[in-house]
There are 2 protein chains.
Amino acid sequence: MPQIKQPSIKTLKGLQTEVQSINRIALSVDCVIFGFDENKLKVLLIRSDVKKFIGMWSLLGDLVKPEEDLDSAAYRILKQRTGLKDIFLEQVHTFGETGRHPAGRVVTVAYCSLINIQNHRLRILDNELHWHDANSICDMAFDHQVIFNSCYKWLQKRVQEHPLGFNLLPNKFSLRELQNLYEAILNKKLDRRNFRKKFFAMDFLVDVGEDEQNVPHRPGKLYKFNFEKYEKKKKKWPGIDF
Amino acid sequence: MPQIKQPSIKTLKGLQTEVQSINRIALSVDCVIFGFDENKLKVLLIRSDVKKFIGMWSLLGDLVKPEEDLDSAAYRILKQRTGLKDIFLEQVHTFGETGRHPAGRVVTVAYCSLINIQNHRLRILDNELHWHDANSICDMAFDHQVIFNSCYKWLQKRVQEHPLGFNLLPNKFSLRELQNLYEAILNKKLDRRNFRKKFFAMDFLVDVGEDEQNVPHRPGKLYKFNFEKYEKKKKKWPGIDF
DNA sequence: ATTTATTGTGTAATTTACACACATTATAAA
DNA sequence: TTTATAATGTGTGTAAATTACACAATAAAT
């Protein structure tokens, strides 16, 4: 375990308050892990076993270790819970009210993660884990309802400015799936023809030359998202129907 | 001083890592305090006296006390440094890399504040404080350049979505002053006539029936921003020239 | 072959953004 | 008093983006 220097009074000038052990605070990360399945936006929750909140749903979180970067802590939690690496992760907000945790002072940094559920099957052991409908959550532990709402709003805004949504879809997807995703996240109906027009105009979708399978009607073409093309263009991601 | 319970192993189930004293981390707040003067965007900085960064500019920060809300800590720092209360303050991002502070592990939460410089004269004692040009900063201590850049970008985006800018202006201002402010923040020239049209269309500006004084040309009308009208309308704040 | 459900394509109307022109009004100088 | 100057204040026309809506094409089920 690497040795981390603790701040001393002498070396922390510029910070007015004297640095003492009493000034250290427990710091945690809470991950709001979004998924998309059966045309619904989902969020991965775990049942709380904290006495005060027994049986209620809570986000996946853990304490940050002194020798560990904040982002690394978030990735660690994701890997522990989902077994996945190289997935989308972004910091959203830090919640630091004194009364937010019944056991004492814990400041928590909320991260959002978007996961392709197809690539992730929950471990059998984790029967306390559950993909919960994002639009029908109640009775969350701690201030997790506040944190979740904040992250949900963040997601709604973010998907209209950047191509995050693709992280929730399989590599190959139909335009209908893409639209279902946006409708689920934004919680509103969109016009199919204008949606289509908008996304093709962006020129980031690549026709993979395959069709949908096992649909009881005309199958749609499958596309994949071309991240490289997006990076190169640096084109502003347009809004999707306001 | 209020007594804050420290987390114990038993009561913190749900957090996987055991909670011990070693898991507590020094937490600080750094404020990026923006002002506007002489048609320039300014930021309030202090000379660092940390040995490694001696003479370099740093943001105004302090440690968060265990019994103090995160937001409260930011307001406390603002009050200590500027003497002002009831001013704009918003959390932007948390920086938590292990190597960011030479004295040890300090995670810092960055807050942005917008101040009307007219209402604030620096105390004579604080001769290490300086309103620095936001567009010509170099040699900042710690990772404060990264934090500042992040907050500056945040501001540029935010003023195009919400009416924050008014916090940087006096209560009564001319449209030219308002435009100068936006040009300074966005660092680009805007068309005077379209700017004017856009802001009047929003219908949040109130003519106070006075004119500019001491200008060597036709004086402009003075306006004030009507926050109540803005709250009521809940109208989307339109973009200001992209 | 017909029905059904959904994909794929287009077009016109409306709104918004952008580029630009000109009259008005105060100060300052001749 | 007149004129020059440097802004403010008010348009107008064109291009671009958004929105609303219509219809043909295709695969599956009957």
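The values are calculated or read from the model by the stated rules, or taken from the named source; none is laboratory data. The structure displayed is predicted, hence computed values, not measured ones. Here Cβ is always computed from backbone atoms with ideal geometry, including for glycine, and neighbour counts include all displayed protein chains. Ligands, DNA and RNA are excluded from the accessible area calculation, which covers all protein heavy atoms including side chains. Shrake-Rupley method; radii C 1.70, N 1.55, O 1.52, S 1.80 Å.
Between copies, B:GLN156 shows label-point distances of 2.8 nm, shortest first, with the point placed 7 angstrom from Cα along Cα to C-beta. Every Cα-Cα pair of segment A:51-103 was included, and the share exceeding 17 Å stands at 51 percent. Calculated from the alpha-carbon coordinates, segment A:31-184 shows an Rg and a Dmax of 15.4, 48 Å respectively.
Between B:PHE227 and B:SER72, the simple label model (points 7 Å from Cα in the Cβ direction) yields a spacing of 2.2 nm. Here the contact order of segment A:80-194, divided by its residue count and restricted to Cα pairs under 8 Å and six or more residues apart, works out to 24 percent.
Where chain A is carried onto chain B by rotation, the Cβ closest to that axis, with its residue and distance in Å, is A:ARG24, 2.
Residue order by solvent-accessible surface for B:LYS65, B:LYS197 is B:LYS197, B:LYS65, largest first, with ligands and nucleic acids left out and a 1.4 Å probe. The other copies place their B:GLU67 label points at 3.5 nm from this one, listed shortest first, where each point is 7 Å from Cα along Cα→Cβ. For segment A:113-202, the average shadow cast by the Cα convex hull is 7.1 nm², which is a quarter of the hull's surface. A:ASN194 label point (Cα plus 7 Å toward Cβ) to equivalent points in the other copies: 2.2 nm, shortest first. Each chain gives up part of its surface: A and B jointly bury about 4500 Å² of accessible area, both sides summed, for a 1.4 Å probe.
Within the set A:LYS51/A:LYS85; B:LYS198/B:LYS224; A:LYS153/A:LYS189; B:LYS65/B:LYS153; B:LYS198/B:LYS229; A:LYS197/A:LYS221, which residue pairs have Cα atoms separated by over 22 Å?
Numbers: A:LYS51/A:LYS85 32 Å; B:LYS198/B:LYS224 16 Å; A:LYS153/A:LYS189 17 Å; B:LYS65/B:LYS153 29 Å; B:LYS198/B:LYS229 16 Å; A:LYS197/A:LYS221 15 Å.
Too far apart for the 22 Å limit: A:LYS51/A:LYS85; B:LYS65/B:LYS153.
Using the C-alpha gyration tensor of segment B:176-228, what are the square roots of 5 times its eigenvalues, in whole angstrom, with the largest one first? All intermediate terms of the calculation are to be shown ahead of the outcome.
Values: eigenvalues 67, 57, 20 Å².
Semi-axes (√(5λ), whole Å): 18, 17, 10.
Within 10 Å of the Cβ of each residue in B:57-66, the mean number of Cβ atoms contributed by other protein chains is 4.
When you work out D = kT/(6 pi eta Rh) for segment B:14-113 at 37 °C and 0.692 mPa s, using the Kirkwood radius from C-alpha pairs as Rh and the Stokes-Einstein form, the result is 217 µm²/s.
Remind me, relative contact order of segment A:44-118 in percent, using alpha carbon pairs under 8 angstrom and six or more residues apart? List each step's numbers first, then the result.
Working: 79 pairs, mean separation 15.2, N = 75.
Computed over segment A:44-118, the figure is 20 percent.
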